[in-house]
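Here the structure comes first, spelled out in structure tokens, and everything after it is commentary.
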Amino acid sequence: MRIFITGATGFVGSAVVQELLGAGHQVLGLARSAESAQALTAVGAEAHRGSLNDLDSLQRGVAAVDGVIHCAFIHDFTQYAAAAEADRRAIEAMGAVLAGSNRPFIATSGVAGLTRAGELLTEDDTRDPSLPAMRHSEDAALALVPQGVRAMVIRLAASVHDQNDHGFVPTLITLAREKGVAAYIGDGSNRWPSVHRLDAARLYRLALEHGTAGARYHGVADEGIPLRTIAEVIGRHLNVPVVSKTVQEAPAHFGWMAGFAGLDIAASSSLTQQRLGWRPGHTGLLADLEQGHYFTDQTVSPAYPSKE
């Protein structure tokens, strides 16, 4: 198949590109810059110039392919509502081109928008409609199913890890460097799931090839790692104290990330594994942290500036 991928040069998307190419698919990747376009052609993909906010460019890309994997998101958590709205508009624009075709469309979401503290979140869990949506991708994508689109959602773990990660864990590391302490909230027993980037990439391919319309799949390997445990690993590698922050103290320490740092979002991928035959097999988050590459000077700042 020929597949259009948004976020094709991003942390997750670039791995999805390689996974698809390795399985014999053709890839048309969205590129916001000449540099991104060159990176795509260098690995054997075709570049399509445009951006998440350029809806015409998105629709032209979709019109030329057999299916779509939407990995892009404007990862500026200081303007999260605007980023989530841009994501919704992009999905609706691409879905309009796919309507009536039964072509596959895979949207990216996360488990952080679900609420069942103390229990493992499953693929059958849905967002509490009484609570504000953190991200609109899931609702927007699944609304395409009645329009004749084989739309699916992959909910990624809170930490998708590997070298060059620029997500939540590197942000915790940067904060520990800046503040001189590695922190967690309360007793630190709240848990985050994780998945290796290459395992996640394989899940996207399996969903593309075998997934069913309306399905939700979980990109989760480690079901739930206590935040205190993550903080302890960070503290040991940086040689800084590990401390607890109260809920009231959390905003001053964590900034925009305070809400995420207190979430208990342990999740299972048991149903995903049964339905797609996916088995995560790469290094877990804690073992990945112990390799040391997370503690180089390449760790990004808490602004989480990636726009892919």
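The values are calculated or read from the model by the stated rules, or taken from the named source; none is laboratory data. Quick caveat, the model's predicted, so the values are computed rather than measured. For neighbour counting, all protein chains shown are included, and Cβ atoms are generated from backbone atoms with ideal geometry for every residue, glycine included.
Things to note:
- Looking across the range 19-51, the residues that are touching a residue at least 60 places away in the same chain (Cβ under 8 Å) and in contact with a helix residue (DSSP H, G or I) (Cβ under 7 Å, 6 or more places away or on another chain) come down to 19, 20, 23.
- Restricting the first member to the range 229-250 and to residues that are closer than 13 Å to residue 175 by Cα, and the second to residues that are among the hydroxyl-bearing types (Ser, Thr, Tyr), the beta-carbon pairs closer than 6 Å and six or more apart or on different chains are 231/184.
- Given (1) closer than 14 Å to residue 190 by Cβ; (2) hydrophobic (A, V, I, L, M, F, W, C); (3) touching a Gly at 6+ places or on another chain (Cβ under 8 Å); (4) surrounded by 17 or more Cβ atoms within 10 Å (Cβ to Cβ), index of the condition residue 242 fails: (1)
- Boolean, residue 100 is of a type in the set (Gly, Ala, Ser) and crowded, with 21+ Cβ neighbours inside 10 Å: no
- Condition met for residue 236 (modelled with pLDDT of 95 or more, of a type outside the set (Gly, Ala, Ser), touching a strand residue (DSSP E or B) at 6+ places or on another chain (Cβ under 7 Å) and within 30 Å of residue 186 (Cβ to Cβ)): no
- The range 23-37, residues that are out of contact with any strand residue (DSSP E or B) (no Cβ under 8 Å at 6 or more places or on another chain) and assigned to a helix (DSSP H, G or I): 34, 35
- Any hit, the range 208-226, residues being more than 16 Å from residue 122 (Cβ to Cβ) and under 15 Å from the mean Cα position of the chain (by Cα): no
- Close pairs from the range 169-183: first in contact (Cβ under 8 Å) with a residue 24 or more places away in the chain, partner among the basic types (Lys, Arg), Cβ under 7 Å, at least 6 apart: 183/245
- Any chance residue 150 is surrounded by 20 or more Cβ atoms within 10 Å (Cβ to Cβ), more than 18 Å from the chain's Cα centre (by Cα) and under 23 Å from residue 25 (Cβ atoms): yes
- Any hit, the range 71-84, residues being surrounded by 17 or more Cβ atoms within 10 Å (Cβ to Cβ), over 22 Å from the mean Cα position of the chain (by Cα) and in the same structural domain as residue 12 (by TED's automatic domain parsing): no
- The requirement of being within 17 Å of the chain's Cα centre (by Cα) and among the hydroxyl-bearing types (Ser, Thr, Tyr) is not satisfied by residue 189.
- Total residues in the range 83-102, condition hydrophobic (A, V, I, L, M, F, W, C), under 12 Å from residue 139 (Cα atoms) and touching a Leu at 6+ places or on another chain (Cβ under 8 Å): 1
- Qualifying residue in the range 243-266 (condition: under 18 Å from residue 219 (Cβ atoms) and touching an Asp or Glu at 6+ places or on another chain (Cβ under 6 Å)): yes
- Residue 194 being among the polar types (S, T, N, Q) and buried (at least 23 other Cβ atoms within 10 Å of the Cβ): yes
- Criterion violated by residue 14 - all others in (1) polar (S, T, N, Q); (2) under 17 Å from the mean Cα position of the chain (by Cα); (3) more than 27 Å from residue 142 (Cα to Cα) satisfied: (3)
- Every condition in (1) part of a helix (DSSP H, G or I); (2) in the same structural domain as residue 281 (by TED's automatic domain parsing) holds for residue 164 except the one numbered (1).
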